[in-house]
1. Most fluctuating residue of A:Pro11, A:Pro163, A:Pro240 in a GNM of chain A with Cα springs under 10 Å: which is it?
2. If you line up the Cα atoms of the range A:154-285 on their principal axes, what length do they span on each, largest first, in Å?
3. By a straight-distance test (C-alpha under 20 Å), which lysines pair with B:Lys123 as possible cross-link partners, with residues fewer than eight away in the same chain excluded?
4. Amide H to amide H under 5 Å from B:Ala75: which residues, 5+ apart in sequence or cross-chain, H placed 1.01 Å off N in plane?
5. Two decimals, Cα atoms only, Kirkwood Rh: what is Rg/Rh over the range B:48-127?
6. Which pairs, out of B:Lys67/B:Lys107; A:Lys302/B:Lys107; A:Lys295/B:Lys50; A:Lys229/A:Lys302; A:Lys302/B:Lys62; A:Lys295/A:Lys400, put more than 23 Å between their alpha-carbon atoms?
7. Mind checking which helices in chain A clear 15 Å along their axis (Cα) and have mean Kyte-Doolittle hydropathy of 0.5 or more, DSSP H runs only?
8. Projecting each Cα onto the charge dipole of the range B:48-127 (Lys/Arg +1, Asp/Glu -1 at the beta carbon, about the Cα centre), which of B:Val48, B:Gly65, B:Leu81 comes out farthest on the positive side?
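What follows draws every value from the coordinates through simple rules; no lab data is involved. Note that the coordinates shown come from a computational prediction; the quantities given were computed from them, not determined experimentally. Counting neighbours? That spans all protein chains shown, and the Cβs are built from the backbone with ideal geometry, glycine included.
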Amino acid sequence: MSTTYTVPIGPVHVGLKEPVTAWLDLEGERIVGAKIRPGAIHRGIEFMARERNPIQVIYLSERICGICSFSHVIAFIRAIEDLAGLKVPPRAQYIRTLVLELERVHSHLLWAGVACYTIGFDSAFHLGMQMRERVMDVLELLTGNRVNYGVATFGGVRWDVTPELAKAMREMIRYYRREFTPFREIVMADPVAQARMRNVGVLTRDEAVRYSAVGPTARASGLRVDLRKSSPYEAYADIPVEPVVPQDYFGAAHGDVLDRFAVRVLEVYQSLDIMDAALDGLPEGPYVAEPNVNKVLASLKKAEGTGWGIIEAPRGDDTHIVSLKGGDDNVFWWKVRAPTYANAVSWPLMFRGNELADAPLIINSIDPCISCMERMMVTDGGGDPLIVTKTELLERCRRKTFDLGSGIRTKGAGTGGLEGGTTK
Amino acid sequence: MITRILPQLFRHIFSRAATNLFPAAHMPPSLTDALSDPDSPPNPTVPVGKRFRGRLNYDRSKCIGCKLCVRVCPAHATDYLAEEKKIIIHNDRCCFCAQCTEVCPVKCLSMSSQFMISSYDRKANIVTGA
Ligand code: SF4
Ligand code: SF4
């Protein structure tokens, strides 16, 4: 006769970096069911945006996330550029790509280090964190800050890549090519690390499709999805990017934590190649279309409509949709869909049949960013509670998307990810 | 694997520490005061990059009171003083984006490289430019 106990992990827990609660049903040590309850870190950023003009919202969007801040900025800026029809000079596109890849490197290195820490492999954690300093230094040289760079603006970037900076970046790339492989081998060849990560938190290929996993989580399950390939933006149109999937490197995709580790680690090498290519091809010319912020603000005040920006952030697809009203200084509305939102629904599947001690590792394995994810909050406003079935919800969603699409160009909408993946 | 991690371990025994020392021996009540204390020179900090954005400098006499900096400040860190047609900056609210220094027509705002500005005194973090 077995008894099922329900144990909460979180919202505040040593193994988690951000507040989220996983209610786990346990039979002994085995997890038989899981419920995820977010709702502890909603900050109302979209509401704050409604009393700020687009220039101010750039810096607000940067604060959605501390790690992938630049991805949010670029997605937001691309949405505004899309609706106002602003052009970005080629040099700015390349600089944006460079910073996006620098950000991917530091995000993946941080995750790889923290994953080692979660399984108790502290030596590798320190090694990873020490290595990460190098890319942070380059980011600081380029943008002035280690986080929240403030480097992008409408129609370009605010600071140029000078020859010294290009040299520092090349040196950094050489450093990682030399130093990163020992780190990878120390972790991936370690029998204990393998035992902790192999066949833990499995998400099969079909489940990843059904539950719309994105980014490295989807790729680790063997899906070839990468917006940098399927709908290229900035300089990715010139620099070919192949989605990193484990079957290309190890023969088969297990969709477990070790595969997610491998995908992120291999993506670091890919980012180094992309940065090399971007530095090689860095076009000459201006790095911002209109340097006068006042003129930009005046033109955005006249702009009206809805714009989309969808990019491949370190954790997956990041979508921003922004609407401006003509004659109004401020942002009219703004919707953010961060990658963790798509990946979090796969958590209950990943928990199945694993042990309680693996729970923090599984939670961390999708590289969750709860602050990114929590975009809305339902409070008890005294109205009638409304319960909708899944079919109804889907129907409502489709209708809303259709209504949105009828007023605007539907360009880019809906291609966010899985299409490139199901057709291998 | 042990064969892979051993070379790393030996390398790190003989290499310089990767971390820097905290500027003061213990956390003082005011870091800014402790750093300017001639009796206990602080541990040297790592120099900041050329583009580093620190505490704002404000040249009050040059300011023409155009309010452009108030308009672009994402953190609402600048307050406009209507009678004097000047501004004050609350550095504890500033997010160091340098948008105001970029937009100011007479360039009376600039970012310094000073970053240790935390203090228990809120007023110490108001830049009046006086
Ligand atoms: S640096 Fe940015 S946050 Fe600080 S006062 Fe200037 S505009 Fe405001
Ligand atoms: S933008 Fe410059 S001149 Fe105008 S109010 Fe601000 S500080 Fe003064």
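1. A:Pro163
2. Between the extreme Cα coordinates on each principal axis of the range A:154-285 lie 50, 34, 24 Å.
3. Candidates past the 8-residue exclusion: B:Lys86.
4. For B:Ala75, the qualifying residues are B:Cys95.
5. On the way: Rg = 12.1 Å, Rh = 12.8 Å.
We get a ratio of 0.94 for the range B:48-127.
6. Values: B:Lys67/B:Lys107 13 Å; A:Lys302/B:Lys107 28 Å; A:Lys295/B:Lys50 28 Å; A:Lys229/A:Lys302 34 Å; A:Lys302/B:Lys62 32 Å; A:Lys295/A:Lys400 34 Å.
Beyond 23 Å: A:Lys302/B:Lys107; A:Lys295/B:Lys50; A:Lys229/A:Lys302; A:Lys302/B:Lys62; A:Lys295/A:Lys400.
7. Numbers: long enough: A:69-84 (23 Å, 1.01); A:90-118 (42 Å, 0.20); A:122-143 (31 Å, 0.10); A:163-188 (37 Å, -0.58); A:257-280 (35 Å, 0.60); A:390-407 (26 Å, -1.01).
Counting only whole DSSP H runs, the qualifying helices are A:69-84, A:257-280.
8. Result: B:Val48.
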